[in-house]
Each structure stands twice: as structure tokens, then as C-alpha cells.
Amino acid sequence: MKDIFVWCVIAFWRTFFPEKENKRDKAIQMKLKRKIQIIGLLSVVTLIITVLAGELFIFLFNPQELVSPTLKTKEYLFQYPPNTTVNHKVGRHTRQYTTNTLGHRKMEVTQGDNVILLGDSFTFGMGVEDNYEWGSVLQSNTDCNIVNLGMSGWGLTQEIKRFYEVGMDWKPKAVILMFCENDILDNTMCPVTKVKDGKFVFEDLELEDTKKSLGERLFNPLAIRSQLFRFFRRRAYTNERIKQIKSLSIAQEIIYSNLLSTFAEDMKQRGVDIFFISVNNLIDGNEVTQLSKFKQAEESVLKLDSLNLIKYINSNELVQLGDYITSPVGHYSIEWNKAIGEGLANTITKWHQKQI
């Protein structure tokens with residue numbers, strides 16, 4: 001009975017005094033709205049503080065790499081813009097690389113026979129400022145004009161394509177090809193050069209539509225510069241690369257070997273000599289070439305050397321134990337580049353003297 005009485009009183013009040021009831025409801029709603037706004041504001045502030053703290057923590061203890069500007073192209077997938085300064089940053093450390101009209105490492109043009117360099121970031125010279133990469137060291141110690149066509153992230157397919165499309169214009173007398181362990185995988189990830197019936201066939205990649213919305217154009221530059229974004233992107237990329245490397249097969253090494261042998265045979269017919277060298281590492285006090293990790297590819301290189309189609313140069317014989325110093329931004333520092341450049345200069349000088 002008491003509940004019925006209370007219900008009746010409430011009904012009577014709402015019927016004859018609706019204005020007061022509405023005011024009371026509005027007051028409750030306003031209080032609830034303010035609470036929601038405060039909670040939302042606190043959540044946003046907490047999120048911002050957390051993100052900023054994460055950015056600072058990673059910047060101080062695990063700084064992420066940023067290389068800019070870069071280009072994504074259908075011809076080679078990755079390139080640097082021409083006539084620009086590429087900034088390579090890792091935390092508080094920065095290295096700058098100047099590019100020429102082709103987007104490759106800018107070098108002084110000198111008189112003499114042209115020698116083309118092919119390779120990836122180690123050939124491009126990441127890790128050291130201009131004039132300290134091994135290509136410049138090589139040029140300063142020989143009478144040849146060195147043309148550096150190395151490019152970060154390239155495999156043999158991109159390197160060969162670039163040689164025929166650009167390098168041949170210099171009418172080179174020799175090519176120095178530097179091997180890196182990512183070459184085997186990159187050949188299948190970016191197949192812009194294929195061998196068909198003993199000849200090279202060059203193709204462009206099918207890239208997704210590069211048109212970006214206004215939101216993407218505004219957000220992407222901020223995201224790319226974010227330490228957190230690059231940290232998680234790098235982790236995802238590294239995990240994927242590890243899976244791909246573990247799944248490497250002899251078939252992929254055979255693809256590399258087939259590309260190299262076809263290139264070597266064609267250069268032999270054109271009268272262009274090839275010098276082959278591998279990036280090397282110091283592992284547990286032992287010098288190890290990255291080529292030695294791939295037995296099938298290594299056997300192919302040594303066979304081509306025995307047939308005088310290429311000249312294999314053991315990088316372990318050029319670099320001393322104290323030269324394996326890592327640059328603050330990754331790759332090798334000046335010492336390794338100097339050792340490689342001066343060591344190759346001895347070989348190229350002897351070769352060049354025979355050409356004269």
C-alpha cells in the first residue's frame with residue numbers, strides 16, 4: 001500500500017507541477033553531461049601524456065631511424081629524390097647525404113675510365129657523410145672516374161636494371177658489385193629484372209594508387225616522425241623479414257645466381273670487367289662475409305670467378321679487426337669505408353694499369 005501511495009504522489013506531482021519536474025531533470029542531465037565531459041577531457045589528457053611519455057622514452061633509450069625524403073617508384077620501388085639532401089636521423093645523431101641529378105650519391109666527376117658501382121645502402125654509403133663513403137675513397141685513390149649507382153634497399157634485380165638504363169650511358173670499363181645479405185630476398189620481392197631465354201627482361205612494378213586523402217596527407221607526415229609509430233612499424237617489419245629470411249630456399253639463391261651469371265656473360269661480351277665483393281661482419285671475433293651465409297650463391301660466385309667471368313675480392317682481406325665500427329645511425333662508420341675503398345683501389349689500380 002505504501003508503494004502505491006508513493007507512486008500516486010509522484011504521478012500527481014508530475015501532472016500538476018511539470019515545470020518543476022522538468023527543471024529537476026534538466027539539472028540532473030546537466031550534471032551528468034558535465035561528468036561525461038570531465039571524464040572525456042581527463043581521458044584525452046591522460047592519452048596525450050602517455051603518448052608523449054612513450055615518445056620521450058623511446059627517443060632516449062631506443063631511438064628510431066628516420067630517412068627522408070624518399071620516393072616510391074614503379075621502376076625501382078625505392079629511390080632518393082634527385083639534387084637534394086637526404087637526412088638520416090637516429091635519435092640525436094644525424095648524417096646527411098647529397099644526391100645528384102639521378103638521385104644517387106653525389107661524387108666529383110673526374111677524368112679517366114668510368115667504373116660503375118652497384119649495390120645497396122652499403123654501396124650508397126649510409127652511415128657516413130659525403131666524401132667518406134667507400135666509393136669516394138676509391139675515387140681519390142685511383143685514376144678512374146667512379147660512378148656510384150648504389151641505392152638503399154636495392155637487390156640485384158634493381159641494380160642490373162639501373163645499370164642498363166643509366167649506367168651504360170657512361171660506357172664503363174668495369175663494374176664493382178657489392179653483395180649484401182638482403183639481395184637474395186629482395187630479388188623475389190622486387191622482380192623488376194627477369195631472365196628469359198638467356199636475356200634480361202625489364203618490368204615495372206604495379207603499385208597501389210598513390211592518391212591520398214586530405215587526412216592522410218596531414219596525418220602521415222606526423223606519424224612518420226613519431227618515435228612510437230616507427231617503433232611499432234619497425235617491429236612489424238623486422239618480424240616479417242625474419243619470417244621471410246627463415247623461409248628462404250635454394251630456389252631463391254638460384255634466381256640470384258642466374259641473374260648474376262647472365263649479367264657476367266653479357267658484360268664479358270661487351271668487354272666490361274666485373275669485380276665482386278661482399279659486405280662482411282665481425283661475429284664473435286671472426287670476420288665473416290655475408291655471401292658465405294648462402295652456399296648456393298657463394299658456389300656460383302666462385303665458379304664465375306674460376307671461369308674469369310668475374311673477379312671475386314674477399315672483403316675479409318681488406319678490413320682489419322679494428323675497422324668494424326658501427327655508425328651512430330647504423331651501417332658502418334668511416335673506418336670500414338676507408339678500408340674497403342683503399343683495398344679496392346689497389347685492385348682497380350693494378351687492373352687499370354693493364355688496360356692502358
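The values are calculated or read from the model by the stated rules, or taken from the named source; none is laboratory data. Here the structure is a predicted model, which means the values were calculated and not measured. Every residue, glycine as well, gets a Cβ built from its backbone with ideal geometry; the counts of neighbours run over all protein chains shown.
Would you point out which residue out of 88, 104 is touching a Phe, Trp or Tyr at 6+ places or on another chain (Cβ under 8 Å), surrounded by 15 or more Cβ atoms within 10 Å (Cβ to Cβ) and closer than 30 Å to residue 271 by Cβ?
Details: 88 fails: closer than 30 Å to residue 271 by Cβ.
Answer to the selection: 104.
I need the full set of residues from the stretch 23-76 which are over 30 Å from residue 97 (Cα atoms) and in contact (Cβ under 8 Å) with a residue 12 or more places away in the chain, in order please.
Within the stretch 23-76, 51 is the sole residue that qualifies.
Could you tell me whether the stretch 320-330 includes any residue that is more than 26 Å from the chain's Cα centre (by Cα) and among the aliphatic types (A, V, I, L, M)? Steps first, answer last, please.
Going through the stretch 320-330, the residues more than 26 Å from the chain's Cα centre (by Cα) turn out to be 320-322.
Among the residues that remain, those that are also among the aliphatic types (A, V, I, L, M) are: 321.
For the stretch 320-330, residues more than 26 Å from the chain's Cα centre (by Cα) and among the aliphatic types (A, V, I, L, M): present.
Can you find a residue in the stretch 288-306 that is over 24 Å from residue 260 (Cβ atoms), in the same structural domain as residue 267 (by TED's automatic domain parsing), surrounded by fewer than 19 Cβ atoms within 10 Å (Cβ to Cβ) and touching a residue at least 24 places away in the same chain (Cβ under 8 Å)?
So in the stretch 288-306, the residues over 24 Å from residue 260 (Cβ atoms) come out as none.
No, every residue in the stretch 288-306 fails to be over 24 Å from residue 260 (Cβ atoms), in the same structural domain as residue 267 (by TED's automatic domain parsing), surrounded by fewer than 19 Cβ atoms within 10 Å (Cβ to Cβ) and touching a residue at least 24 places away in the same chain (Cβ under 8 Å).
Does residue 54 satisfy the criteria of being touching a helix residue (DSSP H, G or I) at 6+ places or on another chain (Cβ under 7 Å), of a type outside the set (Asp, Glu) and not assigned by TED's automatic domain parsing to the domain that holds residue 193?
Details: touching a helix residue (DSSP H, G or I) at 6+ places or on another chain (Cβ under 7 Å): yes; of a type outside the set (Asp, Glu): yes; not assigned by TED's automatic domain parsing to the domain that holds residue 193: yes.
When the stated conditions are applied, residue 54 passes them.
Within the stretch 236-258, which residues are at pLDDT below 80 and surrounded by fewer than 12 Cβ atoms within 10 Å (Cβ to Cβ)?
Within the stretch 236-258, the first condition is being at pLDDT below 80, and the residues that meet it are 237-249.
Correct list: 237, 238, 239, 240, 242, 243, 246, 247, 249.
With the requirement that a residue be without any contact (Cβ under 8 Å) to a residue 60 or more places away in the chain, closer than 22 Å to residue 89 by Cβ and out of contact with any helix residue (DSSP H, G or I) (no Cβ under 9 Å at 6 or more places or on another chain), what does the stretch 101-128 give you?
103, 106
Any residue at all in the stretch 267-274 that is out of contact with any Asp or Glu (no Cβ under 7 Å at 6 or more places or on another chain), modelled with pLDDT of 95 or more and either under 30 Å from residue 50 (Cα atoms) or among the acidic types (Asp, Glu) (or both)? Steps first, answer last, please.
Taking the stretch 267-274 and keeping what is out of contact with any Asp or Glu (no Cβ under 7 Å at 6 or more places or on another chain), we get 267-274.
Subset that is modelled with pLDDT of 95 or more: 267-274.
With the extra rule that they be either under 30 Å from residue 50 (Cα atoms) or among the acidic types (Asp, Glu) (or both), the set shrinks to 273.
Yes, because at least one residue in the stretch 267-274 is out of contact with any Asp or Glu (no Cβ under 7 Å at 6 or more places or on another chain), modelled with pLDDT of 95 or more and either under 30 Å from residue 50 (Cα atoms) or among the acidic types (Asp, Glu) (or both).
Across the stretch 303-324, what is the total count of residues that are in contact with a Ser or Thr (Cβ under 6 Å, 6 or more places away or on another chain) and either over 16 Å from residue 276 (Cβ atoms) or modelled with pLDDT under 95 (or both)?
0
Being under 21 Å from the mean Cα position of the chain (by Cα), in the same structural domain as residue 327 (by TED's automatic domain parsing) and either polar (S, T, N, Q) or more than 26 Å from residue 207 (Cα to Cα) (or both) narrows it down to one of 75, 129, so name that one.
Numbers: 75 fails: either polar (S, T, N, Q) or more than 26 Å from residue 207 (Cα to Cα) (or both).
Only one candidate passes the filter, namely 129.
Would you check which residues across the stretch 283-310 are of a type outside the set (Lys, Arg), within 22 Å of the chain's Cα centre (by Cα) and not in a loop (DSSP other than H, G, I, E, B) and list them? Talk me through it step by step, then tell me what you get.
From the stretch 283-310, those of a type outside the set (Lys, Arg) are 283-292, 294, 296-302, 304-310; that's our starting set.
Retained after the next criterion (residues that are within 22 Å of the chain's Cα centre (by Cα)): 289-291, 294.
Scanning the stretch 283-310 gives 289, 290, 291.
Matching residues to (1) at pLDDT 80 or above; (2) surrounded by fewer than 10 Cβ atoms within 10 Å (Cβ to Cβ); (3) part of a helix (DSSP H, G or I):
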site	(1), (2), (3)
8	no, no, yes
19	no, yes, yes
26	no, no, yes
30	no, no, yes
45	yes, no, yes
52	yes, no, yes
58	no, no, yes
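So how many residues does the stretch 149-185 have that are in contact with a helix residue (DSSP H, G or I) (Cβ under 7 Å, 6 or more places away or on another chain), surrounded by 21 or more Cβ atoms within 10 Å (Cβ to Cβ) and among the charged types (D, E, K, R)?
The total comes to 1.
From the list 327, 261, 226, pick out the single residue that is more than 30 Å from residue 173 (Cβ to Cβ), modelled with pLDDT of 95 or more and buried (at least 17 other Cβ atoms within 10 Å of the Cβ). It would help to see each step written out before you state the result.
Details: 261 fails: more than 30 Å from residue 173 (Cβ to Cβ); 226 fails: modelled with pLDDT of 95 or more.
After applying the criteria, what remains is 327.
Counting residues that are within 30 Å of residue 226 (Cβ to Cβ) and at pLDDT 95 or above, which helices (runs of 4 or more DSSP H) fully inside the stretch 83-201 reach at least 1? Let's see the steps before the verdict.
Working: elements: 121-124, 134-140, 156-165, 183-189.
Here the list reads 121-124, 156-165.
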